[in-house]
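Novice: Encoded as structure tokens, here's the structure I'll be asking about.
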Amino acid sequence: MSESKLKSKKIRATIWTAALAAAAGGVFAGFAVAAPGATTQVTAPYAQASGLINADGTLDRAKGIKSVTRGSIAGRFCVQLTDSRLDVSELTPVATLAMGGYPGQIYVDSAPAAQCGNQKDTILVVTTNWDKGGDYKPFYLLVP
């Protein structure tokens with residue numbers, strides 16, 4: 001294997017490891033500007049967007065998230081990214097239920113969703129209960 005390919009793999013592995021650690025609450029040097037309404041800045045230097053979204057749709061801490069709206073169907077959140085050039089269909093967002101979200105499930109739509117106005121810079125996140133269907137639950141969102 002060539003040295004440049006090896007370095008490239010190491011760099012990618014380092015970035016992914018850091019991004020996943022940030023989603024799990026890891027601490028890194030550097031700060032990001034908090035989204036409007038967010039009470040705390042997020043330390044996520046390798047993420048395009050990251051945040052803790054409360055069940056009521058408010059941002060507890062965020063980076064790269066312009067707004068969050070709750071959909072009319074229970075458990076639907078539309079998360080608009082700050083950078084309007086980002087296209088949801090080209091991203092690999094990761095979402096995890098936060099404490100207080102259990103028992104439940106979480107899903108992330110990988111394409112612009114009609115429920116969010118088909119906006120290419122808006123991610124649809126769906127949270128549910130195991131037995132009751134859609135339900136608004138707190139979650140972490142990471143866009144590496």
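Novice: Which residues, taken from segment 135-144, are among the aromatic types (Phe, Trp, Tyr) and open to solvent by 20 Å² or more (accessible area, probe 1.4 Å)?
Specialist: The initial filter retains those residues of segment 135-144 that are among the aromatic types (Phe, Trp, Tyr), namely 136, 139-140.
Selection gives TYR136, TYR140.
Novice: Assuming ALA44 fulfils every condition listed in (1) at pLDDT 90 or above; (2) open to solvent by less than 10 Å² (accessible area, probe 1.4 Å) apart from one, which condition is it?
Specialist: That leaves (1) as the condition not met.
Novice: For the subset of segment 63-74 comprising residues that are closer than 22 Å to THR43 by Cα and of a type outside the set (Ser, Thr, Tyr), which member is least open to solvent (accessible area, probe 1.4 Å)? Outline the logic, then answer.
Specialist: Going through segment 63-74, the residues closer than 22 Å to THR43 by Cα turn out to be 63-68.
This time we only want the ones that are of a type outside the set (Ser, Thr, Tyr), so: 63-66, 68.
Details: LYS63: 35, GLY64: 19, ILE65: 1, LYS66: 111, VAL68: 27 Å².
Ranking the candidates gives ILE65 first.
Novice: Follow-up. Given the criteria part of a loop (DSSP other than H, G, I, E, B) and either out of contact with any Leu (no Cβ under 9 Å at 6 or more places or on another chain) or modelled with pLDDT of 95 or more (or both), does ALA55 qualify?
Specialist: Details: part of a loop (DSSP other than H, G, I, E, B): yes; either out of contact with any Leu (no Cβ under 9 Å at 6 or more places or on another chain) or modelled with pLDDT of 95 or more (or both): yes.
In short, yes.
Novice: Of all the strands (runs of 3 or more DSSP E) wholly in segment 75-134, which have at least 1 residues that are open to solvent by 30 Å² or more (accessible area, probe 1.4 Å) and at pLDDT 95 or above? First the steps, then the outcome.
Specialist: Numbers: elements: 76-81, 94-97, 105-108, 122-129.
The qualifying strands (runs of 3 or more DSSP E) are 76-81, 94-97, 105-108.
Novice: List pairs: first in segment 93-110 and over 13 Å from LEU141 (Cβ atoms), second open to solvent by 60 Å² or more (accessible area, probe 1.4 Å), Cβ under 9 Å, 6+ apart or cross-chain?
Specialist: If the second residue must be open to solvent by 60 Å² or more (accessible area, probe 1.4 Å), the pairs left are PRO103/TRP130; PRO103/ASP131; GLY104/TRP130; GLN105/TRP130; SER110/SER89; SER110/THR92.
The values are calculated or read from the model by the stated rules, or taken from the named source; none is laboratory data. A quick note: this is a predicted structure, and the numbers were derived from the prediction, not measured. Cβ sites come from the backbone with ideal geometry, for glycine too, and all protein chains shown count toward neighbours. The area values use the complete protein model at the heavy-atom level, side chains included, leaving out ligands, DNA and RNA. Shrake-Rupley method; radii C 1.70, N 1.55, O 1.52, S 1.80 Å.
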